[in-house]
Amino acid sequence: MPTAPAFAPESDALTERAPAKVNLTLRVLGRRADGYHELSSVVAFAGTGDRLSLTPGGELALALAGPGAPVLADDDNNLVLRAARELDRRVPGLVAGRFGLDKRLPIAAGIGGGSSDAAAALRLLARANHIAPDDPRLHEAALATGSDVPACLYGRSCLMAGRGEAITPLDLPRFGAVLVNPRVPIPTAEVFRALALAPGARLADASAVPAFASRAAMVAWLIGQPNDLEPPAHRLAPVLDEVAAALRATPGVLLARMSGSGATLFALYEDCRAAARAAKQVAGSHPAWWVKSTILG
Ligand code: C5P
């Protein structure tokens with residue numbers, strides 16, 4: 001595999017983190033007439049992620065670095081560039097520039113790698129162009145780029161609803177967490193298709209998210225609020241059963257489940273020390289998997 005250059009932002013560059021997004025719950029409430037699914041998902045953000053820089057001025061461009069860069073090398077449709085073009089369409093005279101992406105998260109993995117990169121691009125362009133963070137054009141450009149981008153633009157724990165456009169801030173306890181990806185990409189559209197819901201179908205109403213007095217109270221609630229995309233994703237990628245079993249066998253695990261449309265699974269722990277121990281165990285027995293311990297929330 002070709003190697004990518006190390007991430008080295010220019011001295012006059014602005015930088016932003018693009019954290020991994022984790023869907024702690026993901027309820028599919030139905031399917032809209034336009035084909036998108038109506039969702040209700042509690043989302044949290046991890047301490048780990050990609051990094052993006054922008055040197056403002058000149059033509060829009062993107063340079064890739066980091067371990068994930070070779071996989072993205074030929075993608076002219078990278079979500080960073082798409083987000084920049086969507087904002088340019090809405091903001092006359094937008095100053096763009098050269099982006100540098102340090103790609104660390106796995107691709108098509110259900111932890112919003114591309115969506116978080118796109119959101120970081122919008123935040124960088126907003127800073128470079130003195131656009132207020134709550135300017136509706138940023139939100140519109142985010143949704144036009146992808147359903148997960150508005151939540152990533154918000155960047156903190158929230159309830160994501162509708163197709164992904166309705167964001168309600170949430171105050172959640174912090175957890176130690178382990179993210180595991182068996183390096184099997186699963187295209188989101190395929191997982192939704194495997195649900196085989198007809199347009200107009202209605203399955204359930206959204207449940208309100210209560211306030212949690214403790215991590216234990218939150219875990220008890222999470223157990224009753226699964227990720228509805230997990231069964232179809234496991235059918236498409238049976239290795240996910242093995243990932244779930246490996247995480248459930250770690251000491252101190254509070255909950256293990258899939259994020260988004262997969263194939264990344266996460267597990268929650270009381271603190272980052274328990275998470276680091278668990279990550280060591282999983283990585284030791286499965287050296288080919290991507291395993292990361294982090295903080296969530
Ligand atoms: O919005 P985005 O391009 O990220 O979505 C990728 C695909 O996932 C969509 O084309 C659609 O098939 C599916 N999707 C969906 N309902 C959602 C979000 C995504 O059906 N709320």
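The set of residues from the stretch 179-232 being charged (D, E, K, R), within 13 Å of the ligand (Cβ to nearest atom) and over 25 Å from Pro169 (Cα atoms) comprises Glu190, Arg193.
Among the criteria (1) within 16 Å of the ligand (Cβ to nearest atom); (2) under 26 Å from Ile295 (Cα atoms), the one Ala33 does not fulfil is (2). Pairing each residue of the stretch 73-93 that is under 14 Å from Ala120 (Cβ atoms) with any residue that is part of a loop (DSSP other than H, G, I, E, B), provided the two are 6+ apart or on different chains, yields C-beta distances under 7 Å for Leu79/Gly146; Leu81/Leu60; Ala84/Leu60; Ala84/Ala96; Leu87/Leu94. Would you say Thr264 is within 17 Å of His234 (Cβ to Cβ), in the same structural domain as Arg215 (by TED's automatic domain parsing) and of a type in the set (S, T, N, Q)? It is true that Thr264 is within 17 Å of His234 (Cβ to Cβ), in the same structural domain as Arg215 (by TED's automatic domain parsing) and of a type in the set (S, T, N, Q). Taking Cys152, is it closer than 24 Å to Cys272 by Cα, within 12 Å of the ligand (Cβ to nearest atom) and either of a type in the set (Asp, Glu) or crowded, with 16+ Cβ neighbours inside 10 Å (or both)? For Cys152, the condition - closer than 24 Å to Cys272 by Cα, within 12 Å of the ligand (Cβ to nearest atom) and either of a type in the set (Asp, Glu) or crowded, with 16+ Cβ neighbours inside 10 Å (or both) - is met.
For the stretch 122-140, a residue qualifies if it is touching a strand residue (DSSP E or B) at 6+ places or on another chain (Cβ under 6 Å) and crowded, with 17+ Cβ neighbours inside 10 Å, and the qualifying residues are Arg123, Leu124, Ala128. The selection criterion, being under 17 Å from the mean Cα position of the chain (by Cα), closer than 22 Å to Arg235 by Cβ, of a type in the set (A, V, I, L, M, F, W, C) and surrounded by 14 or more Cβ atoms within 10 Å (Cβ to Cβ), holds for Ile186. When Gly114, Gly110, Gly97, Gly162 are screened for being free of Cβ contacts under 8 Å to residues at least 60 places away in the same chain, within 16 Å of the ligand (Cβ to nearest atom) and either closer than 29 Å to Ala4 by Cα or not β-branched (Val, Ile, Thr) (or both), only Gly114 passes.
Being loosely packed, with under 14 Cβ neighbours inside 10 Å and modelled with pLDDT under 95 is true for just one of Ala208, Ala220, Ala216, Ala263. Which residue is that? The unique qualifying residue is Ala208. Among the residues of the stretch 212-238, write down those that are in contact with a Phe, Trp or Tyr (Cβ under 9 Å, 6 or more places away or on another chain), under 18 Å from Ser261 (Cα atoms) and assigned to a helix (DSSP H, G or I). Of everything in the stretch 212-238, just one residue is in contact with a Phe, Trp or Tyr (Cβ under 9 Å, 6 or more places away or on another chain), under 18 Å from Ser261 (Cα atoms) and assigned to a helix (DSSP H, G or I), namely Pro232.
Cβ separations smaller than 7 Å between residues 6+ apart or across chains give the following pairs from the stretch 174-195 residues that are basic (Lys, Arg) to residues that are surrounded by fewer than 18 Cβ atoms within 10 Å (Cβ to Cβ): Arg174/Ile295; Arg183/Ala288. Note on the stretch 192-205: among residues that are in a loop (DSSP other than H, G, I, E, B) and of a type in the set (A, V, I, L, M), the one that is surrounded by the fewest Cβ atoms within 10 Å (Cβ to Cβ) is Ala198. Just a yes or no: is a residue in the stretch 118-125 touching an Asp or Glu at 6+ places or on another chain (Cβ under 7 Å) and charged (D, E, K, R)? Yes, the stretch 118-125 contains a residue that is touching an Asp or Glu at 6+ places or on another chain (Cβ under 7 Å) and charged (D, E, K, R). Has the stretch 40-50 got at least one residue that is touching a Ser or Thr at 6+ places or on another chain (Cβ under 9 Å), in contact (Cβ under 8 Å) with a residue 12 or more places away in the chain, hydrophobic (A, V, I, L, M, F, W, C) and more than 25 Å from Arg183 (Cα to Cα)? No; the residues of the stretch 40-50 include none that is touching a Ser or Thr at 6+ places or on another chain (Cβ under 9 Å), in contact (Cβ under 8 Å) with a residue 12 or more places away in the chain, hydrophobic (A, V, I, L, M, F, W, C) and more than 25 Å from Arg183 (Cα to Cα).
The values are calculated or read from the model by the stated rules, or taken from the named source; none is laboratory data. Here the structure is a predicted model, which means the values were calculated and not measured. Please note: Cβ atoms are built from the backbone with ideal geometry, for glycine as well, and neighbour counts cover all protein chains shown.
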